[in-house]
1. I'm trying to understand the selection: among the residues of the range 86-114, which are charged (D, E, K, R), closer than 18 Å to Pro62 by Cα and out of contact with any strand residue (DSSP E or B) (no Cβ under 7 Å at 6 or more places or on another chain)?
2. From the list Leu139, Leu152, which residue is assigned by TED's automatic domain parsing to the domain that holds Ile199, surrounded by 12 or more Cβ atoms within 10 Å (Cβ to Cβ), in contact (Cβ under 8 Å) with a residue 40 or more places away in the chain and out of contact with any Asp or Glu (no Cβ under 7 Å at 6 or more places or on another chain)?
3. Of the residues that make up the range 62-74, is at least one closer than 17 Å to Val7 by Cβ, in contact with an Asp or Glu (Cβ under 6 Å, 6 or more places away or on another chain) and among the basic types (Lys, Arg)?
4. Hey, Ser172 hits all of (1) within 21 Å of Met237 (Cβ to Cβ); (2) among the polar types (S, T, N, Q); (3) out of contact with any strand residue (DSSP E or B) (no Cβ under 6 Å at 6 or more places or on another chain) but one; which does it fall short on?
5. For the range 65-85, name all the residues that are of a type in the set (Val, Ile, Thr), over 12 Å from Lys107 (Cα atoms) and surrounded by 12 or more Cβ atoms within 10 Å (Cβ to Cβ).
6. Looking at the range 112-129 only, could you name the residues that are surrounded by 14 or more Cβ atoms within 10 Å (Cβ to Cβ) and charged (D, E, K, R)?
Amino acid sequence: MIELRKVDFWKRAIEAVSFFVPQGNFRFSEKGIFFKATDPSQIILVDYFVDKKLFDEYTIEPNFVGIDLIAFNKIMQRATTRDKLVMGVSDSELKIRLESDLKRGFKLPLVDVSEGNVKVPDIKYDARVEISGFNLKELLKDASLFGSAVVLKVSNGKFIVEARGPQGAMDSEAVGKAIKVSSKEGVTVKFSLNFFQNIVKEAENEKPVLIELKNDAPMRVSFSIGESRIVFYLASMIL
């Protein structure tokens with residue numbers, strides 16, 4: 001049985017994951033809950049872990065179960081700040097209860113998700129950019145005025161975001177205390193703007209988002225959701 005009184009971070013995490021992955025496998029272990037999966041297009045890999053210490057109660061047999069994440073997300077979006085979340089796993093279903101003034105029970109049948117062993121890329125990145133969720137979202141909104149793709153450049157301690165389209169172009173930079181940049185060498189990489197925007201949708205505005213870059217390699221984007229941390233890998237596009 002798993003109990004969680006502060007349900008908001010879990011609710012937001014499930015929403016972030018389910019946007020890209022309709023079905024996936026959760027591993028309930030002695031350390032906590034692991035989730036690794038790629039989206040159907042194989043463009044994004046999601047890597048999420050919740051330490052068991054974040055739960056009010058965590059007494060569950062180690063298990064590996066497939067879940068319909070879209071249906072799970074619909075249930076979690078019904079949770080309020082007053083609710084306590086209670087979850088349990090049987091041989092055939094995930095049992096979910098939301099308890100406050102109302103005690104609501106839900107059951108989701110387990111599904112067979114055959115995705116093999118999802119391997120997290122082992123990449124030695126050349127550049128690291130730490131920027132607030134708010135500033136990153138604003139830069140990406142500006143980029144969306146002109147294109148469906150965004151070019152990220154790191155050079156001489158600068159982080160530049162570019163977008164081009166038939167109607168014009170955008171070339172912006174975060175400066176001063178708004179950003180921390182470190183790099184071994186210059187990096188220029190192109191990504192899908194829509195995917196990038198949806199990755200950081202659940203990032204908190206006042207907390208940092210860490211972006212790690214390397215030429216011709218997937219971008220690693222990580223940020224906190226409550227006290228847990230979520231990591232996304234986004235495949236690069238041809239420049």
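1. The one that is charged (D, E, K, R), closer than 18 Å to Pro62 by Cα and out of contact with any strand residue (DSSP E or B) (no Cβ under 7 Å at 6 or more places or on another chain): Asp91.
2. Leu152
3. No, that holds for no residue.
4. For Ser172, the exception is condition (3).
5. Val65, Ile70, Thr80
6. Asp126, Arg128
The values are calculated or read from the model by the stated rules, or taken from the named source; none is laboratory data. As the structure is a prediction and not an experimental result, all values here were calculated from the model. Virtual Cβ from ideal backbone geometry, glycine too; neighbours counted across all protein chains shown.
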